[in-house]
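Structure incoming, see below.
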Amino acid sequence: MMGNVIPYGRQDINDQDITAVVDTLKSDFLTQGPKIAEFENAFAHYTGAKYAVVLSNGTAALHLAALALRVKEGDKVITSPITFAASANGFRYCGAELYFVDIDPRTYNLDINKLRSLLESHPKGTFKGVIPVDFAGYPVDLEEFCKLADEYNLFLVEDACHAPGGYFKNSKGEQVNCGNGQYADISVFSFHPVKHIAAGEGGMITTNNKELYDELILLRTHGITKSEDLLTENHGGWYYEMHNLGYNYRITDFQAALGISQLSRADKGVERRLEIAEKYTQAFEGTKVKTPFVESSVQHAHHLYVIQVEDRKGLYDYLRENKILAQVHYIPIHLMPYYKNLGWKEGDCPIAEAYYEHCLSLPMFPTLTVEEQDFVIEKVLEFVK
């Protein structure tokens, strides 16, 4: 039955996507054309944010977020150890000093109580900002983080790369979409193939702050502008000026076309992910498999479905023997040799480290078939029993 392997994640490319890309390849613009603004406008509408800036990848988005927020050498910023390295690296590129705060044992997101303890144990002004991560698609309660950020004068960057389509309810009972800009200064997304919206590579920043938006637009393309209201002089229609040391973090029009097409069915993708998650959770009820916690007031976007088991290595190997390519998300960043060389060590984030010893991401993507999921469940139960 299982001739083919079952990966932990997989893109879903259909004829509509292919047509969108081919039509753009046949058009006048392969880059810096109309599809860029179209994708940005559609994504801003999807999240509920005022502004969106599309970029070459999610790491570029994190880097430009750090630049736009004026992060400089020696600034202290805080993030979670359980995330992809880019969440920290984007700020490290600007010379920031990274502080890793342990995770909440239920949600696996940055623990706000431990964050508060860290802030209280240092003089106000010690830290510049915090980057909470919507890990696996579980939305961070940004209302609470925003209160803390305001109290300590911190910027707030939401790493929402796992969470388009996710939301939480605030204290007024209002739905707050991941990336809508209500509480965070900046939110970042990724369009890597295993994410909800695939563009090959790609990233997006959303914000409600016009000044940050203008800065991001400038930084995306070498710090160069042709905007007449920004020029210091004007020699003619060809004239442009470089105002900042920016980067080439542009995305192509054909990638944007793919992103637009994918975005048009993003809600259906989240619905399917929720069905898959529900089936896993029911199947493992009453077993030794620990399933993800989900509060009733949130919509988990389920980029990942992470279980915890006693013998993670044994289960990982057993699933691979059966052509099920489960994955581990993530090795704690503070235990990477690069960050250990900066002084981090085992024992600094004990909950994250214990989580890492037992976590395993099971196949989770909208085109996972009923038969494939049944097979995954069967093999997991076989092993744990």
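Restricting attention to the stretch 138-181, report how many residues are within 26 Å of TYR330 (Cβ to Cβ), out of contact with any Phe, Trp or Tyr (no Cβ under 7 Å at 6 or more places or on another chain) and of a type in the set (D, E, K, R).
Residues that pass the stated criteria total 3.
Per-residue answers, yes or no, for (1) open to solvent by less than 50 Å² (accessible area, probe 1.4 Å); (2) within 30 Å of VAL376 (Cα to Cα); (3) at pLDDT below 95:
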{"site": "MET1", "(1), (2), (3)": "no, yes, yes"}
{"site": "VAL5", "(1), (2), (3)": "no, yes, no"}
{"site": "PHE29", "(1), (2), (3)": "no, no, no"}
{"site": "GLU38", "(1), (2), (3)": "no, no, no"}
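Does ASP159 meet the test of being touching a strand residue (DSSP E or B) at 6+ places or on another chain (Cβ under 6 Å) and not basic (Lys, Arg)?
yes
Of everything in the stretch 11-49, what is over 16 Å from LEU263 (Cα atoms) and part of a loop (DSSP other than H, G, I, E, B)? Give them in sequence order.
Once the filter is applied, which keeps residues that are over 16 Å from LEU263 (Cα atoms) and part of a loop (DSSP other than H, G, I, E, B), the stretch 11-49 yields LYS26, SER27, ASP28, PHE29, LEU30, GLN32, GLY33.
Separate question: Take the residues in the stretch 178-195 that are assigned to a loop (DSSP other than H, G, I, E, B) and in contact with a Ser or Thr (Cβ under 6 Å, 6 or more places away or on another chain), then tell me which one is surrounded by the most Cβ atoms within 10 Å (Cβ to Cβ).
That would be GLY179.
Results for (1) modelled with pLDDT of 95 or more; (2) of a type outside the set (Gly, Ala, Ser); (3) surrounded by fewer than 15 Cβ atoms within 10 Å (Cβ to Cβ), shown as yes or no for each residue.
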site: ALA198; (1), (2), (3): yes, no, no
site: GLU201; (1), (2), (3): yes, yes, no
site: ILE205; (1), (2), (3): yes, yes, no
site: LYS210; (1), (2), (3): yes, yes, yes
site: GLU215; (1), (2), (3): yes, yes, no
site: LEU219; (1), (2), (3): yes, yes, no
site: GLY223; (1), (2), (3): yes, no, no
site: SER227; (1), (2), (3): no, no, yes
site: GLU233; (1), (2), (3): yes, yes, yes
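A follow-up question, please. Between a first residue in the stretch 215-238 that is in a loop (DSSP other than H, G, I, E, B) and a second residue that is open to solvent by 90 Å² or more (accessible area, probe 1.4 Å) and small (Gly, Ala, Ser), which pairs have beta carbons less than 6 Å apart while being 6 or more apart in sequence or on different chains?
Nothing qualifies.
Output the number of residues of the stretch 354-385 satisfying the condition of being among the acidic types (Asp, Glu) and part of a loop (DSSP other than H, G, I, E, B).
Of the residues in the stretch 354-385, 0 are among the acidic types (Asp, Glu) and part of a loop (DSSP other than H, G, I, E, B).
Something else now. For the stretch 15-27, indicate whether the set of residues that are surrounded by fewer than 20 Cβ atoms within 10 Å (Cβ to Cβ) and closer than 28 Å to VAL176 by Cα is non-empty.
No, the stretch 15-27 contains no residue that is surrounded by fewer than 20 Cβ atoms within 10 Å (Cβ to Cβ) and closer than 28 Å to VAL176 by Cα.
Select the helices (runs of 4 or more DSSP H) contained entirely in the stretch 50-150, then report the ones holding at least 3 residues which are of a type outside the set (Asp, Glu) and under 28 Å from THR291 (Cα atoms).
Ranges flagged: 86-92, 112-120.
Does at least one position in the stretch 335-353 carry a residue that is part of a strand (DSSP E or B), open to solvent by 10 Å² or more (accessible area, probe 1.4 Å) and either closer than 30 Å to SER171 by Cα or not hydroxyl-bearing (Ser, Thr, Tyr) (or both)?
No, every residue in the stretch 335-353 fails to be part of a strand (DSSP E or B), open to solvent by 10 Å² or more (accessible area, probe 1.4 Å) and either closer than 30 Å to SER171 by Cα or not hydroxyl-bearing (Ser, Thr, Tyr) (or both).
Another question about this same structure. If you go through the stretch 130-177 one residue at a time, how many are over 12 Å from the mean Cα position of the chain (by Cα) and either open to solvent by less than 30 Å² (accessible area, probe 1.4 Å) or under 16 Å from SER80 (Cβ atoms) (or both)?
16
For the stretch 283-302, how many residues meet the condition of being aromatic (Phe, Trp, Tyr) and more than 21 Å from HIS196 (Cα to Cα)?
Summing the residues that are aromatic (Phe, Trp, Tyr) and more than 21 Å from HIS196 (Cα to Cα) in the stretch 283-302 gives 1.
Looking at VAL294, VAL306, VAL298, can you tell me which residue is under 22 Å from THR369 (Cα atoms) and β-branched (Val, Ile, Thr)?
Of VAL294, VAL306, VAL298, the one residue that is under 22 Å from THR369 (Cα atoms) and β-branched (Val, Ile, Thr) is VAL306.
Out of the stretch 109-125, which residues are open to solvent by less than 70 Å² (accessible area, probe 1.4 Å) and touching a residue at least 24 places away in the same chain (Cβ under 8 Å)?
Selection gives ASN109, LEU110, ASP111, ILE112, LEU115, LEU118, LEU119, GLY125.
Also, I was wondering about something else. Among the residues of the stretch 266-294, write down those that are free of Cβ contacts under 8 Å to residues at least 40 places away in the same chain, assigned to a loop (DSSP other than H, G, I, E, B) and either open to solvent by 40 Å² or more (accessible area, probe 1.4 Å) or farther than 30 Å from GLY173 by Cβ (or both).
Answer for the stretch 266-294, where residues must be free of Cβ contacts under 8 Å to residues at least 40 places away in the same chain, assigned to a loop (DSSP other than H, G, I, E, B) and either open to solvent by 40 Å² or more (accessible area, probe 1.4 Å) or farther than 30 Å from GLY173 by Cβ (or both): GLU285, GLY286.
The values are calculated or read from the model by the stated rules, or taken from the named source; none is laboratory data. Values in this document were obtained by computation on a predicted structure and should not be read as measured data. Positions of Cβ are backbone-derived with ideal geometry, glycine not excepted, and every protein chain shown enters the neighbour counts. Ligands, DNA and RNA are stripped out before the accessible areas are found, and what is left, the full protein with its side chains, is counted by its heavy atoms. Shrake-Rupley method; radii C 1.70, N 1.55, O 1.52, S 1.80 Å.
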